[in-house]
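Worksheet: one structure, shown below.
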Amino acid sequence: MIDAGHHLEQMRTTAPLVQNITNYVAMNVMANVMLAAGASPAMVHAREEAAEFAGLAQALTINIGTVSPPWAEAMEQAASAASGAGKPWVLDPVAVGATAYRRDLGQRLLALRPTVIRGNASEILALAGQGAAGKGADAADEVAAAEDAARSLACDTGAVVAVTGEVDFVTDGSRAARVSNGHAMMPRVTVLGCSLTGIVAAFAVGQDAFDATVAALAYYGIAGEEAGGAAFGPGSFQPAFLDALYMLGADEVTARARISEA
Amino acid sequence: MIDAGHHLEQMRTTAPLVQNITNYVAMNVMANVMLAAGASPAMVHAREEAAEFAGLAQALTINIGTVSPPWAEAMEQAASAASGAGKPWVLDPVAVGATAYRRDLGQRLLALRPTVIRGNASEILALAGQGAAGKGADAADEVAAAEDAARSLACDTGAVVAVTGEVDFVTDGSRAARVSNGHAMMPRVTVLGCSLTGIVAAFAVGQDAFDATVAALAYYGIAGEEAGGAAFGPGSFQPAFLDALYMLGADEVTARARISEA
Amino acid sequence: MIDAGHHLEQMRTTAPLVQNITNYVAMNVMANVMLAAGASPAMVHAREEAAEFAGLAQALTINIGTVSPPWAEAMEQAASAASGAGKPWVLDPVAVGATAYRRDLGQRLLALRPTVIRGNASEILALAGQGAAGKGADAADEVAAAEDAARSLACDTGAVVAVTGEVDFVTDGSRAARVSNGHAMMPRVTVLGCSLTGIVAAFAVGQDAFDATVAALAYYGIAGEEAGGAAFGPGSFQPAFLDALYMLGADEVTARARISEA
């Protein structure tokens with residue numbers, strides 16, 4: 001059984017330096033989310049230094065939300081460096097089905113063997129070649145509809161695939177788990193999914209990628225429940241969510257995690 | 001008489017996908033403002049996909065706050081696509097009078113026939129060729145001083161022009177209205193004007209551009225009043241403002257709107 | 001003796017227009033911090049206009065946190081323009097020791113004679129050529145370990161050098177002061193250091209650079225103490241911090257400043 005609190009504690013002890021090549025919308029919130037949780041984020045994406053920095057960092061995340069050609073080059077270089085050094089890297093294929101440019105880049109990044117892929121159902125379907133054109137960054141499909149796509153994507157790439165939504169689904173192709181923590185206000189706040197990708201990467205440092213991903217999703221969802229209980233709307237949700245990421249202890253996370261392994 | 005609550009309800013029913021090519025400072029807040037109100041924002045600006053994405057989106061906003069040449073190209077391509085497809089697009093000419101680079105770009109974008117232009121008094125004066133060099137993104141002129149410029153800009157371009165400030169002024173060249181909702185704390189919080197531009201675009205989908213703009217301004221100002229009543233300063237104003245955008249219902253917006261049609 | 005409240009009052013009276021070429025993570029928060037304090041920030045960094053805008057602004061800040069080559073060019077042009085016009089400019093050498101690209105740029109910017117350099121201990125050590133490779137944007141060294149490096153950097157460049165951390169150290173090579181205001185939650189919130197750089201620049205307009213820097217640090221730290229007393233975690237800290245920057249009066253800042261001149 002996956003002990004979410006144990007993995008949180010391990011992450012906090014490591015306090016890993018995680019390099020993030022992410023989108024402009026997410027950068028600030030993602031850094032705050034990771035600091036609140038106990039990781040050390042660094043937003044480094046210039047072609048002139050991204051691969052060099054990947055040598056210093058303990059994990060890497062790549063998010064294509066607002067990608068442009070110089071960033072795409074840096075993404076490929078940093079992902080190659082991380083893969084080559086055996087460091088975990090997490091792919092967040094934002095809106096990958098929306099345009100031809102994104103579809104191409106998504107396939108090039110897949111070839112660099114991400115450790116974990118985290119997306120919403122529409123994104124995982126698109127990445128697996130089964131999706132329709134997406135509706136921006138918001139999912140138009142249910143998680144359940146993407147489970148088969150997630151399994152085949154995991155088998156084809158060797159990655160752990162996490163489809164996040166009302167109930168999250170995680171698989172490495174053989175194992176699978178569902179995480180039902182979370183709160184209905186979360187989709188009303190931008191870049192919470194993008195920021196979760198950083199938490200997944202931080203948990204994956206020195207821990208089994210499947211277990212770490214499941215644990216990270218549970219922890220994140222519990223923080224959402226905590227914030228949702230205190231918030232009047234998506235504005236007051238945000239500070240309450242960061243506070244909850246900061247304050248939640250390992251025991252409470254273990255006790256409240258709603259993980260079912262399939 | 002313009003029923004602001006009715007237009008809000010229509011917008012929420014449509015929940016339009018709005019593409020935003022905006023500045024780095026505004027992206028996160030603008031996305032949160034639009035999500036809180038009930039729209040679906042997408043920040044897509046790369047030249048490689050901006051025009052293609054404009055084909056998926058229901059409206060477009062363009063904000064020149066932190067523009068650079070590749071972004072300017074994407075702006076022109078996306079605006080052309082939106083205009084060609086008859087979709088509403090809103091121009092936010094941030095600090096357009098400040099530098100030669102901005103003045104030139106402002107004129108090129110005007111030629112692509114925005115549906116609505118939203119700016120502060122200094123920006124509207126500059127866009128109409130009547131301004132002095134601006135003081136960054138903050139208005140150095142009163143709204144009333146820009147009413148004639150707004151009327152002539154509307155007549156010349158066919159756009160609805162909204163000059164926002166303590167009392168907003170909206171005109172399409174023949175009709176005109178003033179909106180006096182709002183709160184004195186709003187100029188102390190960055191990018192609230194930029195984010196309003198996204199709300200205007202969301203309201204304009206499937207609705208008359210003049211009425212939708214007036215209604216959007218009233219709704220936004222009421223949310224500001226609500227937040228201002230709850231806040232101790234510009235920090236606590238922000239979550240309270242997003243909460244208010246989320247919680248305000250159509251009837252309350254109709255009742256509290258302070259619109260005077262001229 | 002440095003009267004921190006007096007310098008705050010002077011800054012608010014001037015309400016200086018400060019141009020900031022900063023990183024993507026910091027932009028929004030930095031603008032809000034500066035607006036809350038009473039300054040007028042403008043984020044203008046395109047090569048096409050950065051130097052021209054430096055002619056309008058009263059001060060300039062340069063932060064290399066997410067620099068790339070076009071931005072580096074704009075930084076050098078704007079810094080030259082500010083230096084040439086005798087306007088204060090402040091260098092924030094984020095993670096300058098982390099990669100070769102940053103080390104080179106850091107030296108080129110030093111040659112353009114910043115008025116003030118503000119960094120954490122690891123950054124000041126790296127800039128002075130005494131550091132090891134850094135751990136992203138977070139300091140790996142204590143302030144005290146960077147005091148000699150700060151003094152020699154000040155002597156070599158003519159800049160006021162501020163090393164910020166638990167107790168800040170400021171020197172112009174001959175004078176020196178320590179500021180012990182602040183709160184333990186501050187390193188858990190991203191870009192508070194970057195944003196402080198904008199406050200330092202605003203204080204430096206028309207005021208002695210050493211005194212203004214010390215006063216800005218005390219004011220900022222007191223706001224942190226105020227927010228820390230009200231916050232449950234790093235999420236609620238942020239709005240409380242902006243509120244405190246906004247509400248703190250000159251007399252209170254003078255009374256609470258913990259400055260020791262060496």
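The values are calculated or read from the model by the stated rules, or taken from the named source; none is laboratory data. A quick note: this is a predicted structure, and the numbers were derived from the prediction, not measured. Methodologically, a virtual Cβ is constructed for each residue, glycine included, from the backbone with ideal geometry; neighbour enumeration extends over all protein chains shown. Please note that ligands, DNA and RNA were not included when accessible areas were found on the heavy atoms of the full protein model with its side chains. Shrake-Rupley method; radii C 1.70, N 1.55, O 1.52, S 1.80 Å.
Keeping every protein chain present and rolling a 1.4 Å probe, give me the accessible area per residue for the protein assembly as shown in Å². All intermediate terms of the calculation are to be shown ahead of the outcome.
On the way: 24790 Å² over 786 residues.
So the protein assembly as shown comes to 32 Å² accessible per residue, rounded to a whole number.
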Part-to-part distance (alpha-carbon centres) for the stretch C:15-62 and the stretch A:213-262, which is given in Å: 36 Å
Calculated from backbone phi, Karplus (6.51, -1.76, 1.60) coupling profile of the stretch C:164-180 in Hz, x at Gly/Pro: 9, x, 4, 10, 7, 10, 10, 8, 10, x, 9, 6, 7, 8, 10, 10, 10
A:Ile2, A:Ile259, reordered so the largest accessible area comes first (probe 1.4 Å): A:Ile259, A:Ile2
Residues whose placed amide H lies under 5 Å from that of B:Ile117, excluding near-sequence neighbours: B:Leu91, B:Val160, B:Val161, B:Ala162
Heavy atoms of C:Glu48 accessible to a 1.4 Å probe, total area in Å² rounded to 10: 70 Å²
Vicinal HN-Hα couplings computed from phi for the stretch C:11-20 (Karplus, 6.51 cos²θ - 1.76 cosθ + 1.60; Hz; Gly/Pro x): 4, 5, 5, 6, 6, x, 7, 10, 7, 10
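Would you work out the Kirkwood radius for the stretch B:42-188? I mean one over the mean of 1/r across all pairs of different Cα atoms, in Å. Write down the numbers at each step before the final one.
Values: mean 1/r = 0.0650 Å⁻¹.
In the stretch B:42-188 this quantity evaluates to 15.4 Å.
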Accessible area buried, both sides summed, chains A and B with 1.4 Å probe, Å²: 2300 Å²
Dipole magnitude of the protein assembly as shown, debye to nearest 20 (Cβ charges: Lys/Arg +1, Asp/Glu -1, about Cα centre): 780 debye
Most mobile of C:Ala37, C:Ala145, C:Ala240 in a GNM of chain C (Cα contacts under 10 Å): C:Ala145
Rounded to the nearest 10 Å², the accessible area of C:Leu35 at probe 1.4 Å: 20 Å²
Per-residue SASA entry for C:Phe232, accessible area with 1.4 Å probe, Å² rounded to 10: 150 Å²
Translational diffusion coefficient (Stokes-Einstein; Kirkwood radius from C-alpha pairs) of the stretch B:1-80 at 37 °C, 0.692 mPa s, in µm²/s: 248 µm²/s
Size of electric dipole in the stretch C:4-261: Cβ of Lys, Arg +1 and of Asp, Glu -1, about Cα centre, debye, nearest 20: 240 debye
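Over the stretch A:142-254, what portion of Cα pair distances is larger than 20 Å, expressed as a whole percent?
Working: 2551 of 6328 pairs.
In whole percent, the long-distance tail amounts to 40.
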Value of [θ]222 nm, deg cm²/dmol, for chain C, DSSP H segments ≥ 4, -39500 (n - 2.57) each, nearest 500: -15500 deg cm²/dmol
Antiparallel %, DSSP beta bridges [both residues in the stretch C:4-261], to 5: 40 percent
Convex hull volume per residue in cubic angstrom - Cα atoms of the stretch A:44-103: 71 Å³
Position A:Ala255, label points 7 Å along Cα→Cβ, spacing to each other copy in nm (shortest first, one decimal): 4.3, 4.3
Whole-Hz couplings from phi, Karplus 6.51/-1.76/1.60, listed for the stretch C:86-101; x for Gly and Pro: x, 8, x, 9, 10, 9, 10, x, 4, 6, 4, x, 6, 9, 4, 4
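Determine one quarter of the surface area of the Cα convex hull of the stretch A:4-253, which equals its mean projected area, and express it in nm² to one decimal. Walk me through the numbers on the way to the answer.
Values: hull surface 45.0 nm².
If I average the Cα hull's projected area over directions, I get 11.3 nm².
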Listed residues B:Pro187, B:Pro93, B:Pro114, most fluctuating in chain B (Gaussian network, C-alpha, under 10 Å): B:Pro187
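Estimate the FRET efficiency between C:Ala111 and C:Met247 by the formula 1/(1 + (r/R0)^6), using the beta-carbon distance for r and 30 Å for R0, to the nearest 0.05. Let's see the in-between values first.
On the way: r = 40 Å, r/R0 = 1.35.
Computed FRET efficiency for C:Ala111 and C:Met247 comes out at 0.15.
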Base-10 log of normalised Debye intensity for the stretch C:210-262 (one unit scatterer per alpha-carbon) at q = 0.16, 0.23 Å⁻¹: -0.46, -0.82
List C:Ser236, C:Ser80, ordered by accessible area with a 1.4 Å probe, largest first: C:Ser80, C:Ser236
Net charge of neighbours whose Cβ lies under 13 Å from the Cβ of A:Ala50, counting Lys and Arg as +1 and Asp and Glu as -1: -3
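What percent does the relative contact order of the stretch B:4-261 come to when contacts are Cα pairs within less than 8 Å and at least six residues apart? Intermediate values should be presented prior to the final figure.
Working: 577 pairs, mean separation 55.4, N = 258.
Relative contact order of the stretch B:4-261: 21 percent.
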Top of A:Ala230, A:Ala149, A:Ala212 by mean-square fluctuation, Gaussian network on chain A, Cα under 10 Å: A:Ala230
Long-range HN-HN contacts of C:Ala59 with modeled amide H, under 5 Å: C:Gln19
Spatial extent of the protein assembly as shown: Rg and Dmax, with the Cα atoms as the point set, Å: 24.9, 71
